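Heads up, the thing below is written out as structure tokens.
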Amino acid sequence: MGILEKVADNRETKAWYGDIPVQHLYTAGVAGERFLSEIRDNGKILGTLCEKCNFVYVPPMIYCERCFARLTEWVPVSHKGVVESFTVGYIDMDGKPLPEPRVMAVINLDGATSSLVHFLEEIEPDDITFGMEVEAVFRPKGERKGSILDISHFRPVG
Amino acid sequence: MGYRKVAVVGAGMTKFVRRSLETGKELSFEASHMALESCQLTLDQIQSVVFGSAPDAFDGVHMKGEYISDGAGAFRKPYMRSYVGGGTGVFTPIQGWWHVASGMFDTCLVVCEEKMSPCQPHPQGAFLTIFDHTTERPLGPNLLWIFALEMNRYMHRHGITEQDIAQVAVKNKKNALDHPCAQIGREVSIDDVMNSEVLAWPVKRLDISPVSDGACAIVLASEEVAKRITDKPVWFEGVGWNLETAYWTNRDLYYPKQVEYAARMAYEMAGIREPRKEINIVEPYDPFDYKELHHLEGLLLCDKGKAPELTRSGVTARNGDMPVCPSGGLLGVGNPIAAAGLMKICELFWQLRGEAGKRQVPGSPRRGLAQAWGDLMQVGTVVVLGR
């Protein structure tokens, strides 16, 4: 049965399942290694500064994408920042309903030029406002794994 | 034809390693930064960027061209990624060439990156789905099998032995000892190659290049700009590329026709009538040792079936009449797919400028050729550079 014959029922077209069977082992990179180690070991969020472009990258980069300088100045930024945008997710990656809606926000940390995307919790979606102050909540030290999820989520300040 | 002269004016590369801490972005930055520093340009003097990388499944990032773009210096610039499988590393500089030759841009940064180590359990797995899912995938083929079929056909057609072919691995791995970026430069003997693990007969462990992470970059400039940047520009003299049938079983595997067509295209553009006399250094694609021989024949640099003799008599040694893979090739320097092809262009750049250090071939070579091969075992890509 070809494309020019009208197929009323897609089950009439024979098909089989297959996959591309690969998995991946990622490295954090030179910048990522230090960024994640600081979060895990010291609960600190670091960025890198390009003095020429007056830009603080969080997550940090070893180069400035704007002027291509090698960045060597690491600066701590605040755990607090402001909400630049947010969404409330109701479905997962497969399109299935989530047990609880989940809020994701773009957060500009004080001292950083770029922003970070992370979960926003401990607040009702209807109460979220643009520019509201939020802060990082770290997992307990023993539970941190050197992952971006060592910051469990952000929550409103106060 | 109405295109402008284009020169390579700078080059850079990272070490090739089995697993880098650096991300693909960071590898690309290191190579690009070195290439720009080598010709004392800054990113704001680069008008366009082209990027080459093989399957997204290696790095494990879909749309990795876009993902890596900032590491390749493409922030807010005209940017394109190309991908023709293993042929990418010599195709991407061709893409860069037409950016400048066309008159659209005076400068172009060409970056090729590959980070193969993420792909688990082996990058080989990413290739299963290049085969026809109806007639070939059910057989569970892998690339080694295909190469083995081709190598065996080549050996059979010309009466070439495994030992003849092993000479290439011996030569290239030794050449790589002099390359500061090389992953597996070492002294091996023909016996070592013969006694190494059989992977898919006649292909053995030491017949093949390794899995690698790495990046390379070159800077291209139009004639007028190139002459302001350097007094040693290396010119594009010819480019060629050609695609064979996607059905690798529809052709005789003993000879790479697509490489010949790509070479003829490049020779015609360069005005080369007698390539054997007019090409001084060759960097053919050598992911497997027999491929160097196969490709030398496809490039018309020797008669069919005669490449092993050239190797045996020392013609292709670094101090021979026609040095082949003086860099150490993929067999010695390593094989981060797209970056490995561009490494060959970098090698020609350094050799033609007399800057290849311990690897420098004698006699002030005037012209060199780099070639890569890939897609579904079907593409030939060729660049001829001269000074």
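Seen against the Cα atoms of chain A and their longest principal axis, helix A:29-42 is set at about 70 degrees. Pairs of Cα atoms nearer than 8 Å and 6+ residues apart set the relative contact order; for chain B it is 26 percent. Per-residue shielding of B:67-79, expressed as the average number of other chain Cβ atoms within 10 Å of the residue Cβ, stands at 2. Per residue of B:50-62, other chain Cβ atoms within 10 Å of the residue Cβ number 1 on average. Seen from B:Ser102, the other residues with C-beta closer than 14 Å to its C-beta sum to a net charge of 0, counting Lys and Arg as +1 and Asp and Glu as -1.
If you average over every viewing direction, what projected area does the convex hull of the Cα atoms of the protein assembly as shown give, in nm²? Working shown, then result.
Working: hull surface 120.7 nm².
Mean shadow area of the hull around the Cα atoms is 30.2 nm².
A protection proxy built from the mean count of other Cβ atoms within 10 Å ranks the segments B:322-330, B:29-37, most packed first, as B:322-330, B:29-37. Residue farthest toward the positive end of the dipole of the protein assembly as shown, with Cβ of Lys/Arg at +1 and Asp/Glu at -1: which of B:Gly103, A:Ile107, B:Cys302? Positive-end residue among those listed: B:Cys302. In a reduced charge model with +1 at each Lys and Arg Cβ and -1 at each Asp and Glu Cβ, the range A:1-98 shows a dipole moment near 220 debye about its Cα centre. Pairs of alpha carbons in the range B:217-356 separated by more than 25 Å make up 30% of all such pairs.
Give the residue from A:Ser78, B:His158, B:Ser117 lying farthest towards the positive end of the charge dipole for the protein assembly as shown; charges sit on Cβ (+1 for Lys and Arg, -1 for Asp and Glu) and the dipole is referred to the Cα centre. The listed residue farthest towards the positive side: B:His158. The relative contact order of the range A:28-156, computed from alpha carbon pairs under 8 Å that lie at least 6 residues apart in sequence, is 23 percent.
Start at zero, step by 5 Å, and the Cα-Cα distances of the range A:28-156 spread as 2, 11, 19, 19, 18, 15, 9, 4, 2, 0 percent across the bins. Across the range B:3-59, Cα pairs under 8 Å and at least six residues apart give a relative contact order of 38 percent.
Can you give the FRET efficiency for A:Ile91 and B:Thr135, using 1/(1 + (r/R0)^6), R0 = 41 Å, r = Cβ-Cβ distance, to the nearest 0.05? All intermediate terms of the calculation are to be shown ahead of the outcome.
Values: r = 38 Å, r/R0 = 0.93.
According to the calculation, E is roughly 0.60.
Cross-linked pairs B:Lys204/B:Lys304; B:Lys174/B:Lys291; B:Lys5/B:Lys277; B:Lys5/B:Lys257; B:Lys232/B:Lys291; B:Lys5/B:Lys291: Cα-Cα separations exceed 20 Å for B:Lys204/B:Lys304; B:Lys5/B:Lys277; B:Lys5/B:Lys257; B:Lys232/B:Lys291; B:Lys5/B:Lys291.
The listed peptides B:217-225, A:128-136, A:85-93, ordered by packing as a protection proxy, come out as B:217-225, A:128-136, A:85-93 (highest mean of other Cβ atoms within 10 Å first). Under a GNM of chain B (C-alpha, springs under 10 Å), which listed residue has the highest mean-square fluctuation: B:Phe131, B:Phe349, B:Phe51? Answer for the Gaussian network model of chain B: B:Phe131. Using Cβ point charges alone (K and R +1, D and E -1), the dipole size of the range B:27-96 about the Cα centre works out to roughly 200 debye. Shielding value for A:25-37 is 4, the average number of Cβ atoms from other chains within 10 Å of each residue's Cβ.
So how do B:Arg157, B:Arg359, B:Arg76, B:Arg264 line up by other beta-carbon neighbours within 10 Å, fewest first? Mind dumping the intermediate values first?
Numbers: B:Arg157 14, B:Arg359 21, B:Arg76 8, B:Arg264 18.
Sorted ascending by nearby Cβ count, the order is B:Arg76, B:Arg157, B:Arg264, B:Arg359.
How about A:Lys141: which lysines have a C-alpha closer than 25 Å to its C-alpha, ignoring those fewer than 8 places off in the same chain? Cross-link targets: A:Lys44, A:Lys80. Screening chain B for DSSP H helices whose Cα atoms reach 18 Å or more along their own axis and whose mean Kyte hydropathy is at least 0.5 gives B:337-352.
How much net charge surrounds B:Leu299 when only the other residues with a Cβ under 10 Å from the Cβ of B:Leu299 are counted, with Lys and Arg +1 and Asp and Glu -1? Before the final figure, lay out each step's value.
On the way: positive: B:Arg264, B:Arg276; negative: B:Glu260, B:Glu297.
Summing Lys and Arg as +1 and Asp and Glu as -1 gives 0.
Counting only Cα atoms, the range B:1-84 measures 40, 27, 24 Å along its principal axes, largest extent leading.
Every number in this text was worked out from the coordinates using simple rules, so none of it is lab data. This one's a predicted model, so the numbers in the text were calculated from it and none came from an experiment. As a convention, Cβ positions derive from the backbone with ideal geometry for all residues, glycine included, and neighbour counts pool all protein chains shown.
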